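The values are calculated or read from the model by the stated rules, or taken from the named source; none is laboratory data. These numbers were taken from a predicted model, which means no experiment stands behind them. Don't worry about glycine lacking a Cβ; one is built from the backbone with ideal geometry, like all the others, and counts go over all protein chains shown.
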Amino acid sequence: MPENTPTHNSGEILAAGFLPDDAMNALEAHYTVHHYYRADDPAALLQEVADNIVCMVGTSHALMSAELINALPNLQQISVYGTGTEKVDASAAKARNITITNTPDVMTSDVADLGMGLILATVRRMAEADDFVRKGRSGSESMPFSRSLGGKQLGIVGLGKIGSEIARRAEPFELKICYHTRNEKPDAPYPWYPDLLTMAAEVDILVLTAPGGEETFRMIDAQVLNALGPEGTLINVARGSLVDEKALVQALQDGTLGAAGLDVFEDLTNPSEALFSMPNVVLSPHRGSATHESRGDMARLIVDNVNAFFAGRGAVTPLPDI
């Protein structure tokens, strides 16, 4: 049983978005959960239950707007399944002293593993090689060479926990690591580039691990891709919103950029179809945290945050800025 399991119910929960079955089942075992995201008439549901809602939950893709937050007069906590909270109107929550929680750290290693895997798969052309063999071409043709990792320059955009873990994994491959963040990290053992464009021009592989949101929206534009160059590789395990996808497709098509490994897209449900036929692109359907271990830990943590709230304890993983 998750920590802080309540002994009573006091108030109700609004599910602003989908939660996996293990998390939702655990919540519904103790609380009344209203499914706003799948209601036939969401406005009518709000009118009926708004005064009773004290906690709201959803994945990091569930929109929790100022309008929705302010429609819940007794809301006290918003618990997000995932690390990204850009879909939550933090200003509206802060104005009412509403606590926001997420599920940090538990997925860090798995996302970093996938990031390193995409680097290997893309630079060593592993998906292309797999297709080459499956189509029976290996007996009569010679596949073009790939490139070595050793000695290449790896630039990380956003040296947080996931970025740091990718850097740690990259070191044994003899990659030379540098990073770009808004502010230098004094304890980081790698060179810092205050200017993204300058770093992009000097690295072979650019890995994105920065958070989503307005400040990073389409920060990887045509100019950055051009700086990365025809031998450069872009890896994105962060948010699709960081990349101008039309510019990315164009750069890959015209050879301005060499290759890309993508776990996220501007529209997760509808990636650009032009990417599907590109042999120099490795695609993943947002699987960074999609392991049994990470998703189980995420489910336990969101339930622990909700249970702690209803038990009158402080949140387990509150956002530090709220």
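Which one is surrounded by the fewest Cβ atoms within 10 Å (Cβ to Cβ) among residues in the range 121-167 that are free of Cβ contacts under 8 Å to residues at least 40 places away in the same chain and part of a helix (DSSP H, G or I)? So the residue we want is Arg134.
Among the residues of the range 274-322, what is the count of those that are over 30 Å from Ala247 (Cβ atoms) and either aromatic (Phe, Trp, Tyr) or in contact (Cβ under 8 Å) with a residue 40 or more places away in the chain (or both)? Full working, then the answer.
First, the residues of the range 274-322 that are over 30 Å from Ala247 (Cβ atoms): 291-322.
Restricting the remaining residues to those that are either aromatic (Phe, Trp, Tyr) or in contact (Cβ under 8 Å) with a residue 40 or more places away in the chain (or both) gives 291, 293-311, 313, 315-319, 321-322.
Of the residues in the range 274-322, 28 are over 30 Å from Ala247 (Cβ atoms) and either aromatic (Phe, Trp, Tyr) or in contact (Cβ under 8 Å) with a residue 40 or more places away in the chain (or both).
Between Leu14, Leu118, Leu27, Leu63, the distinction of being surrounded by 22 or more Cβ atoms within 10 Å (Cβ to Cβ), within 22 Å of Ala238 (Cα to Cα) and not aromatic (Phe, Trp, Tyr) belongs to Leu118 only. Of the residues making up the range 190-200, at least one is touching a helix residue (DSSP H, G or I) at 6+ places or on another chain (Cβ under 6 Å), in contact (Cβ under 8 Å) with a residue 40 or more places away in the chain and not assigned by TED's automatic domain parsing to the domain that holds Asp89. For the range 38-60, filtered to residues that are more than 21 Å from the chain's Cα centre (by Cα) and under 27 Å from Gly296 (Cα atoms), the residue that is surrounded by the most Cβ atoms within 10 Å (Cβ to Cβ) is Cys55.
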